[in-house]
Amino acid sequence: MAQLRELDVAAWHNGASEWKARYTNLLSTVHDLHDNVDPQLSAGAWTGPAGEAALGHLRGLTTGLEIDALECQAVSLVLSGLTHAFRISQNSLRSALGAARSQGFPVGEDGVVGMPDTAMARHDPEYAESCRDQRALLQKLLQQAVDAATVADQLAYVMLDQLSQQTFRTDVDAALNEDVGMASKLEIDLIAATVPAGGPDAVAAWWAGLPPEDQQTLRMAAPWALENLNGIPADVRAALHGTGTYDRAGAAKWAIGHWNDAEASYDIFENNCTNFVSATLAEAGMKEQGGYWSGDSWWEGPQTGNKFIDVHGGSRSASWAQAPESYEFWSNHGTEVTTDQAEPGDIIYWETPGAGGGPGDVHHSAMVTAVVDGDIRYTQHNIDQVNASLGARGPIGALDGGHDVVHVVRPGSDG
């Protein structure tokens, strides 16, 4: 308990920031080599065997620096999650200690809560019973704070140890999809693990003891862990759900739980990203709209079993399974928001800009399942990713000429 109480959370935050700065600096070097030096060599600035050797060496160096940057980003994500978990746990602990102190309950250095040393507590049976109940509640709050920090510390240690063994990575995709992907997922898991599983009184006391910034962190990073938890205020749970039948927190929960399903109903296309988004919306309560004969609809019917018919729109609207039509439909039946306004339950789309600033090609979609420190985390099917970091993946995609425009759409309530 004493270790958590006195923990310098700011130092952990600084550590995460330092590793992120290393990622940024390395990536800046990679961009410079990729955008400036490589084109000159490729264009024949150096010719002959020496030029070819120089170009090969440069590209190997660029790849190595890119992998190093990604590993630094992965470490930063883990430390960021640990910082949030430590801060929430420490604030929970300090709130419980403050409550114990103000109510006259002594707390030993071992974290054991004692009874008030008053005549009333010693001689009034009814009051003594209420004190025992309050002592039990305070003890639970203290213990769950320490337990949450301990779990976060252990999970982060395992991941950091695993990342430390990736010194000889040679595959950029593996560094991005596996190392950064796992770290991004873990950051959300570390924050979610601070949510207690106690009774309503303990949960209510825990939530009330958190500062507003911690409450907001949890709302945005793990809404599904709060929405149905007895003890969380009704207005908070209602906001996490959203209006109408569409359960925004439930959508994030379902997507996180099914991102890598195999042989699922939405797995009939070569690319099932939008089919997965629609399945998520439907599972979270969004009602189908329009119908087979409507030009403005979103629906899925029974599968015929004939793959050609099922794949080519005979069993669902184009907006159900194709990214461009999905974007058009939900833009018309919802609200497009800026990326810094994104919330869990929104849909995120990627558009390749058109030539000369004209209409582009919307080619991919995913569900927004969390937001941490302004960074959108999305969950998708094909390529399977859960709580992937837009901030971490976007700059890497730009190296390969990907300058996609990102759209975030908040699907409208169906009443």
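The values are calculated or read from the model by the stated rules, or taken from the named source; none is laboratory data. What you see is a predicted model, and the numbers here were worked out from it, not measured in a lab. Cβ coordinates were reconstructed from backbone atoms using ideal geometry, including for glycine residues, and neighbour counts include every protein chain displayed. Calculation scope for accessible area: heavy atoms of the full protein, side chains included, ligands and nucleic acids excluded. Shrake-Rupley method; radii C 1.70, N 1.55, O 1.52, S 1.80 Å.
Figure legend. Inter-residue proximity from the range 181-210: first residues at pLDDT below 95, second residues basic (Lys, Arg) and open to solvent by 10 Å² or more (accessible area, probe 1.4 Å), beta-carbon distance below 8 Å, spacing 6+ or different chains. Indicated pairs: 198/140; 202/140.
Collect the residues in the range 351-383 that are open to solvent by less than 10 Å² (accessible area, probe 1.4 Å) and small (Gly, Ala, Ser), keeping them in residue-number order. Result: 365, 366, 370. Consider the range 226-276 and keep the residues that are in contact with a Pro (Cβ under 7 Å, 6 or more places away or on another chain) and not small (Gly, Ala, Ser). The one that is most open to solvent (accessible area, probe 1.4 Å) is 230.
Taking the criterion of being farther than 15 Å from residue 376 by Cα and open to solvent by less than 20 Å² (accessible area, probe 1.4 Å), the residues of the range 199-223 that qualify are 202, 203, 206, 207, 210, 214. Each residue in the range 335-350 was checked for being more than 18 Å from residue 391 (Cβ to Cβ) and open to solvent by 20 Å² or more (accessible area, probe 1.4 Å), and 2 of them qualify.
Does the range 268-281 hold any residues that are of a type in the set (A, V, I, L, M) and modelled with pLDDT of 95 or more, and which are they? Of everything in the range 268-281, those that are of a type in the set (A, V, I, L, M) and modelled with pLDDT of 95 or more turn out to be 277, 281.
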